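First up is the structure itself, then whatever we jot down about it.
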Ligand SMILES: Cc1cc2nc3c(=O)[nH]c(=O)nc-3n(C[C@H](O)[C@H](O)[C@H](O)COP(=O)(O)OP(=O)(O)OC[C@H]3O[C@@H](n4cnc5c(N)ncnc54)[C@H](O)[C@@H]3O)c2cc1C
Ligand SMILES: Cc1cc2nc3c(=O)[nH]c(=O)nc-3n(C[C@H](O)[C@H](O)[C@H](O)COP(=O)(O)OP(=O)(O)OC[C@H]3O[C@@H](n4cnc5c(N)ncnc54)[C@H](O)[C@@H]3O)c2cc1C
Ligand code: SF4
Ligand code: SF4
Ligand code: FES
């Protein structure tokens with residue numbers, strides 16, 4: 001099979017233009033691009049790529065369908081394993097998952113599996129009506145949280161014939177897909193579309209329901225639910241615990257991104273929630289969340305957006321593509337620097353941040369080299385906004401209300417990996433609330449396994 | 001959708017709504033609040049549950065029009081609905097075991113104070129109330145408080161009703177006279193709560209305040225409502241909104257409340273039209 005050694009490029013918005021809008025950065029393959037890229041796949045007998053996908057998408061077969069121009073069939077093939085291909089095609093860390101395992105990657109560039117997945121999902125988006133499933137009578141399941149884990153459990157169980165109700169704390173479903181990942185990386189229309197499809201399966205979504213406050217898990221059982229799935233994510237922001245962190249102009253990445261994505265502050269004052277962005281913005285951290293915050297700040301008019309990270313380039317946890325996009329857009333990286341305090345004026349607004357230079361020492365528990373501060377190397381960075389993006393833990397509201405669910409010392413739920421089963425009878429959990437902040441596809445994988453286990457659990461109980 | 005069953009104007013710019021919300025009413029306790037959104041473009045606005053009726057399945061909120069969003073709420077009528085209403089949020093407060101409590105309300109603070117005073121009274125506490133306002137016509141819930149209080153004092157800044165002066169003037173006299181007060185609850189503007197807390201401190205009387213910090217989600221996921229209490233950072237929406245007034249860093253809270261002052265003006269001026277903010281995105 002003739003195949004190019006380099007993968008087919010995906011058209012993107014020009015960085016100079018895109019920093020003035022919230023439209024999607026990556027524009028997606030055309031039909032021709034997709035056909036060309038699909039041709040590169042070797043149709044391996046034992047496809048290694050599949051092993052890299054947490055939900056085991058039939059990559060070889062869907063790509064073969066793409067090559068034949070059967071795009072809708074290809075989408076159907078993916079959907080056997082993955083309910084949210086339009087989302088995963090965009091935000092999966094493919095370079096560490098499916099594409100990392102692709103055999104072509106040994107000598108040349110791996111097949112652009114994510115781009116192909118995105119293409120077929122978008123192509124088939126409006127082509128296929130989800131079959132309306134009449135809500136089944138196999139049992140009633142409550143799902144807490146409407147992020148990727150919750151949506152996956154709900155869809156799978158509805159298809160199996162259960163009556164499923166999702167309870168979501170926010171006024172919009174989708175979890176991080178809605179409030180965290182920005183529009184320019186994942187258009188909210190796509191998330192809404194996926195949610196609508198799940199609703200068409202007969203799943204009911206009750207918004208504005210904070211479980212643990214309006215009602216507890218025991219009450220859900222009392223109301224007749226046979227099982228409960230907890231997919232509440234890792235939404236509790238961590239702060240640095242340094243001086244000046246409560247000054248005006250210091251945000252958690254969660255607050256900053258929620259104001260912009262969920263509350264549409266970028267359309268203020270048409271939408272009534274404001275967001276303050278100064279001229280110079282420092283973002284502390286170097287994960288996907290930090291990249292999203294830094295790039296969002298530029299789009300809101302910041303003249304400079306600076307990533308401050310205590311380790312080096314190698315250690316940055318964000319996806320390669322996100323780091324590259326951030327750099328193209330003009331985000332500045334001050335690596336090997338750690339904030340020591342935030343400085344403010346008399347009115348309590350941020351005017352600067354004191355940082356200290358760092359060196360890398362021996363590897364720590366995480367396997368990454370431990371940063372050590374260089375004595376006497378403090379310096380001042382003049383900024384008027386600081387966004388803290390150093391990680392999140394599970395929100396304790398539900399867990400405080402349900403002390404009989406066992407948790408770890410990190411506040412995550414202890415659940416069996418293969419089933420999601422927790423220490424509390426009939427309660428299953430999966431996604432970030434179990435693993436700590438991870439990825440969309442891992443949350444979906446956990447959701448899939450839990451749906452299977454919940455089905456078995458309820459069927460056993462009925463018999 | 002959460003339907004408004006009854007609307008009453010209590011004072012200029014202050015409106016009381018009874019809303020059908022059976023599940024929230026069923027779980028509501030003193031100290032809880034809700035967050036409402038009027039329409040698709042609206043802000044999430046925190047409001048205290050000023051009263052609730054579990055049997056009837058209703059909650060009462062009292063709203064003061066101070067800016068765009070609160071005015072938008074006050075313009076709703078009986079029969080209209082809130083698009084979103086989430087709650088009960090916050091930590092409920094314990095109202096048991098108190099013998100003698102002074103309740104201090106500044107202006108609209110009477111609304112969030114009421115369910116706490118009511119519950120304290122039901123649990124056997126003797127209630128002394130001080131209601132303060134800028135001017136007489138802004139006093140609210142006078143009858144309700146008078147019904148559950150042994151003594152009721154009124155102060156107004158301009159002297160148009162009751163004693164001319166601040167709530168702290170009346171409170172100082174009471175603290176001087178009476179040494180067996182076991183709790184002061186003060187709810188009102190941040191400055192008022194600050195001065196009340198400073199006043200009670202030398203008397204060693206436990207003082208509870210309820211903070212109206214800026215909030216987004218109200219569930220502990222944004223940290224926008226952070227407040228320093230006893231040197232530690234707390235989230236007002238989940239650790240509060242009620243805190244020990246002697247431990248709260250009020251000056252920090254006063255500064256944080258001013259964070260969005262500039263934008264409030266803009267929201268008001270621009271109404272629904274796109275403003276300066278949008279234009280620069282389209283450049
Ligand atoms: C800014 C950002 C960028 C990211 N970028 C990527 C990326 O590019 N690729 C990638 O793979 N991953 C990315 N991630 C991580 C990924 O989004 C998460 O791992 C994934 O969303 C976890 O899914 P989940 O279903 O476990 O939880 P979530 O998506 O967090 O959803 C949990 C839901 O539960 C709700 N909830 C919480 N408590 C309650 C309660 N008590 N009652 C009712 N509802 C409740 C929440 O409101 C939320 O809607 C990113 C995360 C962030 C924050
Ligand atoms: C837990 C909690 C309970 C509350 N309970 C009630 C209640 O029962 N009834 C009620 O009327 N209000 C209550 N508030 C305050 C209410 O949420 C604000 O008045 C409202 O958000 C103002 O929005 P706005 O757009 O109308 O005003 P904006 O235009 O945002 O502001 C107008 C003016 O109000 C001030 N302001 C803004 N936000 C607040 C705030 N959170 N608290 C106090 N002043 C503010 C501003 O500094 C400004 O001067 C409560 C707030 C919290 C956090
Ligand atoms: S779901 Fe993610 S990991 Fe799996 S094939 Fe698709 S892009 Fe790759
Ligand atoms: S490993 Fe690569 S080449 Fe082989 S089937 Fe998978 S995508 Fe195609
Ligand atoms: S309002 Fe977001 S954490 Fe309190």
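The values are calculated or read from the model by the stated rules, or taken from the named source; none is laboratory data. Note that the coordinates shown come from a computational prediction; the quantities given were computed from them, not determined experimentally. Counting neighbours? That spans all protein chains shown, and the Cβs are built from the backbone with ideal geometry, glycine included.
What about residue B:215, is it within 16 Å of ligand 2 (Cβ to nearest atom) and more than 30 Å from residue A:208 (Cβ to Cβ)?
On the way: within 16 Å of ligand 2 (Cβ to nearest atom): yes; more than 30 Å from residue A:208 (Cβ to Cβ): no.
Against the criterion (within 16 Å of ligand 2 (Cβ to nearest atom) and more than 30 Å from residue A:208 (Cβ to Cβ)), residue B:215 does not qualify.
Look through the stretch A:42-72, keep the residues that are on the phi < 0 side of the Ramachandran plot and surrounded by fewer than 16 Cβ atoms within 10 Å (Cβ to Cβ), and return whichever of them is nearest to ligand 1 (Cβ to nearest atom). First the steps, then the outcome.
Step one: list which residues in the stretch A:42-72 are on the phi < 0 side of the Ramachandran plot, which gives A:42, A:44-55, A:57-68, A:70-72.
Now restrict to residues that are surrounded by fewer than 16 Cβ atoms within 10 Å (Cβ to Cβ): A:42, A:44-46, A:51, A:68, A:70, A:72.
Details: A:42: 26, A:44: 25, A:45: 29, A:46: 26, A:51: 18, A:68: 29, A:70: 28, A:72: 26 Å.
Among them, the one singled out is A:51.
Yes or no, residue by residue, for (1) free of Cβ contacts under 8 Å to residues at least 40 places away in the same chain; (2) surrounded by 18 or more Cβ atoms within 10 Å (Cβ to Cβ); (3) within 21 Å of residue B:236 (Cα to Cα):
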residue	(1), (2), (3)
B:50	no, yes, yes
B:55	yes, no, no
B:60	no, yes, no
B:64	no, yes, yes
B:93	no, yes, yes
B:104	no, yes, yes
B:111	no, yes, yes
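Among the residues that make up the stretch A:239-254, is at least one of them under 17 Å from residue A:175 (Cβ atoms) and facing another protein chain (nearest Cβ under 7 Å)?
Narrowing the stretch A:239-254 to residues under 17 Å from residue A:175 (Cβ atoms): A:252-254.
This time we only want the ones that are facing another protein chain (nearest Cβ under 7 Å), so: A:252, A:254.
Yes, the stretch A:239-254 contains a residue that is under 17 Å from residue A:175 (Cβ atoms) and facing another protein chain (nearest Cβ under 7 Å).
From the list A:214, A:181, exactly one residue is in contact with a helix residue (DSSP H, G or I) (Cβ under 8 Å, 6 or more places away or on another chain) and either within 27 Å of residue A:453 (Cα to Cα) or touching a residue at least 60 places away in the same chain (Cβ under 8 Å) (or both). Which is it? Quick ask: steps written out before the conclusion?
Values: A:214 fails: either within 27 Å of residue A:453 (Cα to Cα) or touching a residue at least 60 places away in the same chain (Cβ under 8 Å) (or both).
A:181 is the lone residue from the list that is in contact with a helix residue (DSSP H, G or I) (Cβ under 8 Å, 6 or more places away or on another chain) and either within 27 Å of residue A:453 (Cα to Cα) or touching a residue at least 60 places away in the same chain (Cβ under 8 Å) (or both).
Go through the residues of the stretch A:21-32 one by one and say whether even a single one is touching a residue at least 40 places away in the same chain (Cβ under 8 Å), within 25 Å of the chain's Cα centre (by Cα), within 15 Å of ligand 4 (Cβ to nearest atom) and buried (at least 20 other Cβ atoms within 10 Å of the Cβ).
No - not one qualifying residue is present in the stretch A:21-32.
When residues of the stretch B:238-277 are filtered for being touching a helix residue (DSSP H, G or I) at 6+ places or on another chain (Cβ under 7 Å), modelled with pLDDT of 85 or more and assigned to a loop (DSSP other than H, G, I, E, B), how many remain?
The number of residues fulfilling the criteria is 2.
Where in the stretch B:10-78 are there strands (runs of 3 or more DSSP E), lying wholly inside it, with at least 2 residues that are away from ligand 5 (no atom under 16 Å from the Cβ)?
Details: elements: B:14-20, B:33-37, B:45-48, B:51-53, B:58-64.
Output list reads B:14-20, B:51-53, B:58-64.
Is it the case that the stretch B:69-83 has a residue that's more than 8 Å from ligand 2 (Cβ to nearest atom) and out of contact with any strand residue (DSSP E or B) (no Cβ under 7 Å at 6 or more places or on another chain)? Before the answer, list the steps.
At the first step, the residues of the stretch B:69-83 found to be more than 8 Å from ligand 2 (Cβ to nearest atom) are B:74-83.
If we keep only those that are out of contact with any strand residue (DSSP E or B) (no Cβ under 7 Å at 6 or more places or on another chain) as well, we get B:75.
For the stretch B:69-83, residues more than 8 Å from ligand 2 (Cβ to nearest atom) and out of contact with any strand residue (DSSP E or B) (no Cβ under 7 Å at 6 or more places or on another chain): present.
Out of all the residues in the stretch B:92-104, is one or more within 14 Å of another protein chain (Cβ to nearest Cβ), within 16 Å of the chain's Cα centre (by Cα) and either away from ligand 4 (no atom under 16 Å from the Cβ) or modelled with pLDDT under 90 (or both)?
yes
Taking the stretch A:257-276 only, how many residues are facing another protein chain (nearest Cβ under 7 Å) and in contact (Cβ under 8 Å) with a residue 60 or more places away in the chain?
Matching residues across the stretch A:257-276 total 3.
Look through the stretch B:173-199, keep the residues that are assigned to a loop (DSSP other than H, G, I, E, B) and in contact (Cβ under 8 Å) with a residue 40 or more places away in the chain, and return whichever of them is surrounded by the fewest Cβ atoms within 10 Å (Cβ to Cβ).
First, the residues of the stretch B:173-199 that are assigned to a loop (DSSP other than H, G, I, E, B): B:178-182, B:188-189.
Those left that are additionally in contact (Cβ under 8 Å) with a residue 40 or more places away in the chain: B:178, B:180-182, B:188-189.
Details: B:178: 13, B:180: 8, B:181: 21, B:182: 13, B:188: 25, B:189: 16.
Top of the filtered list is B:180.
Table: residues versus (1) within 16 Å of ligand 5 (Cβ to nearest atom); (2) under 18 Å from residue A:439 (Cα atoms); (3) touching a helix residue (DSSP H, G or I) at 6+ places or on another chain (Cβ under 7 Å).
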site: A:15; (1), (2), (3): no, no, yes
site: A:48; (1), (2), (3): no, no, yes
site: A:54; (1), (2), (3): no, yes, yes
site: A:62; (1), (2), (3): no, no, yes
site: A:70; (1), (2), (3): no, no, no
site: A:86; (1), (2), (3): no, yes, yes
site: A:92; (1), (2), (3): no, yes, yes
site: A:100; (1), (2), (3): no, yes, yes
site: A:103; (1), (2), (3): no, no, no
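Within the stretch A:145-170, work out how many residues are assigned to a loop (DSSP other than H, G, I, E, B) and touching a residue at least 40 places away in the same chain (Cβ under 8 Å).
The first filter runs over the stretch A:145-170 and keeps only residues assigned to a loop (DSSP other than H, G, I, E, B), leaving A:145-147, A:161-162, A:168-170.
When the remaining residues are screened for being touching a residue at least 40 places away in the same chain (Cβ under 8 Å), the result is A:145-147, A:162, A:168-170.
Selection size over the stretch A:145-170: 7.
Considering only residues that are in a loop (DSSP other than H, G, I, E, B) and in contact with a helix residue (DSSP H, G or I) (Cβ under 8 Å, 6 or more places away or on another chain), look in the stretch A:418-436 and name the one that is surrounded by the most Cβ atoms within 10 Å (Cβ to Cβ). Even if it seems obvious, please write down each step before you answer.
First pass over the stretch A:418-436, keeping only residues in a loop (DSSP other than H, G, I, E, B): A:418-420, A:422-426, A:430-431, A:436.
Narrowing further to those that are in contact with a helix residue (DSSP H, G or I) (Cβ under 8 Å, 6 or more places away or on another chain): A:418-420, A:424, A:426, A:430-431.
Numbers: A:418: 11, A:419: 17, A:420: 28, A:424: 19, A:426: 20, A:430: 33, A:431: 35.
The extreme case among them is A:431.
So which residues in the stretch B:217-235 are in a loop (DSSP other than H, G, I, E, B), surrounded by fewer than 24 Cβ atoms within 10 Å (Cβ to Cβ) and near ligand 5 (Cβ under 6 Å from one of its atoms), if there are any at all?
B:220
Return the pair list, or none, for Cβ contacts closer than 9 Å from residues in the stretch A:368-395 that are closer than 13 Å to residue A:237 by Cβ to residues that are surrounded by fewer than 15 Cβ atoms within 10 Å (Cβ to Cβ), at least 6 apart or on different chains.
Close Cβ pairs satisfying both conditions: A:393/A:410; A:394/A:410.
What number goes with the only condition from (1) within 16 Å of ligand 5 (Cβ to nearest atom); (2) part of a helix (DSSP H, G or I); (3) closer than 30 Å to residue A:297 by Cα that residue A:443 does not pass?
Single failed check for residue A:443: (1).
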